[in-house]
Structures are given as C-alpha cells and as structure tokens.
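Scroll down for the structure; my scribbles are underneath it.
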Amino acid sequence: MTYEYIRKHPEVNALLKKGNENLGVLGFTDHSMSHCALVADRAAYILKRLGYSEHEQELAKIAGCMHDIGNAINRTHHAEIGAILANDILKATDLPLEDRLTVVSAIGNHDESTGGAKDPVSAALILADKSDVRQNRVREKDREKFDIHDRVNYAVTGHSLKVVPEEKKIALNLQIDESICTMYEYFDIFLGRMMMCRGAAEMLGAQFRLTVNGGKVL
C-alpha cells in the first residue's frame, strides 16, 4: 500500500471533496486535495532533510493526504473524526497495524485545539499543514467580503519552508502585505499554530524559526 494508492482512492477523494465543500459554506479557505497533496509532499520533505527513513516519509505522505477527511462529517473535532475514518479505510489495505496506527495517530493529533506532535510522522504533518499559508487558498475573490482568515492568507505574498539539517533548523519565511492584513491580525489567527510548529520541530530535534518580512519573530 502506497501514498499513490491512497491519493487515488475514491473514498478518500470523495471525503475530501465533501469536506472542502462543507468548509466553503462556512467560509474557510481551501482544504481540497490540492492542499492535502502539498502537505503530503512537504511532510515527506521535512523528514527526508532531517535524515528519516523513506518508510517514515511514505507514512507522512499518507497521513498528509488523508488528514482533512474528517471535515466531511464536521469541522469540530475533524482531526479525531478523520483518524477514525482513515483507520477504517486503511484496515482494508495491506498496511501493517503499526504503520496504520502511526498514520491515524498523526491525523488525530494535527489540530491545534486538541493535538500535538507525538512522533516524527505527526510532527512533520503538523509543520507541513500549519505552514500552508498562501493567497491561492482564499476562495472569495471580492476583497470587500474577506473575513479575517481570508485577509491573513491573502496578505501572504510569498512563503517558503526550509529545513537546514546541519543547523537543526526548520524555518518558515513569510512576506506579508500589511496593507491587507496587520501583524496583529496575523498572530491573532496563527500564533497557536506557530507555537504548535515549535513543539513539532522540537519533537524532530530541531528549532522552529518564523521570519516575517525579513524580521525574526519566533
């Protein structure tokens, strides 16, 4: 069982599609397969750069692909719901029990309201998910209708996540247009997520650094 199998899995895709539609009604940014595939690739990149095995990278990609399927049921506790759904789907594959539990634990712990890094796979998922801040996640095109989440994401005109293994550092670098979103608004939304990233980096034996407009913040 591979990441490519899960990425093409009809139930996974149907759950992500429905969840993204539900969140669209609620005014959330994009949570489609596009977001999940980016998270999967980024999670694997983090582990690869820090010297983790290809097997752990593959598990991180599977978790990244499936991490938001719980939104099809409800946004509240979507991480825990998603873990249960993922467990049912993965039971029907040849993924070993230990690997399945690693994946569902990562999914169940990726939300900042109830979760936190428990192992390298969950840590990589958190860092990959919470660092996905970008303009094209905003659905609403009329800036006069933006809520704070839209403004914060739309204000990010440039972003990069770099892993520097020799310095044991994971750095998120953002360029923010402060005419769209103030720094206060950004941290009102994202401070909890950035602190979660710091804990996830520590789980990986690294330090998390956040730079905004060229200035170090965390």
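The values are calculated or read from the model by the stated rules, or taken from the named source; none is laboratory data. Bear in mind that the values here come from a model prediction, so they are computed numbers and not experimental data. Every residue, glycine as well, gets a Cβ built from its backbone with ideal geometry; the counts of neighbours run over all protein chains shown.
Screening segment 6-40 for residues that are of a type outside the set (S, T, N, Q), over 17 Å from residue 85 (Cα atoms) and surrounded by fewer than 17 Cβ atoms within 10 Å (Cβ to Cβ) and picking the one that is modelled with the lowest pLDDT gives 27.
Filtering segment 95-109 to residues that are surrounded by fewer than 20 Cβ atoms within 10 Å (Cβ to Cβ) and hydrophobic (A, V, I, L, M, F, W, C) leaves 97, 101. If you check 183, 203 for being touching a helix residue (DSSP H, G or I) at 6+ places or on another chain (Cβ under 9 Å) and hydrophobic (A, V, I, L, M, F, W, C), only one passes: 203. Scanning segment 7-41 for residues that are of a type in the set (D, E, K, R), closer than 16 Å to residue 150 by Cβ and assigned to a helix (DSSP H, G or I) yields nothing. Pairs linking a residue in segment 21-38 that is farther than 14 Å from residue 136 by Cβ to a residue that is of a type in the set (Ser, Thr, Tyr) and surrounded by 17 or more Cβ atoms within 10 Å (Cβ to Cβ), with Cβ atoms under 9 Å and 6 or more positions apart or on different chains, are 23/29. For segment 169-180, a residue qualifies if it is surrounded by fewer than 18 Cβ atoms within 10 Å (Cβ to Cβ) and within 11 Å of residue 209 (Cβ to Cβ), and the qualifying residues are 169, 173. Kindly provide the set of residues from segment 144-166 that are surrounded by fewer than 20 Cβ atoms within 10 Å (Cβ to Cβ), in a helix (DSSP H, G or I) and in contact (Cβ under 8 Å) with a residue 24 or more places away in the chain, ordered by number. Correct list: 148, 149, 151, 165. Scanning segment 167-194 for residues that are in a loop (DSSP other than H, G, I, E, B), at negative phi and of a type outside the set (A, V, I, L, M, F, W, C) gives 177, 178, 179, 182. Screening residue 169 against (1) under 20 Å from the mean Cα position of the chain (by Cα); (2) closer than 22 Å to residue 23 by Cα; (3) charged (D, E, K, R) leaves a single unmet condition, (2). Scanning for something outside any strand (DSSP E or B) and touching a strand residue (DSSP E or B) at 6+ places or on another chain (Cβ under 7 Å), does segment 106-124 turn up at least one residue? Among the residues of segment 106-124, not one is outside any strand (DSSP E or B) and touching a strand residue (DSSP E or B) at 6+ places or on another chain (Cβ under 7 Å), which makes the answer no.
Can you tell me which of 86, 92 is free of Cβ contacts under 8 Å to residues at least 24 places away in the same chain, buried (at least 16 other Cβ atoms within 10 Å of the Cβ) and among the small types (Gly, Ala, Ser)?
Unique residue meeting the criteria: 86.
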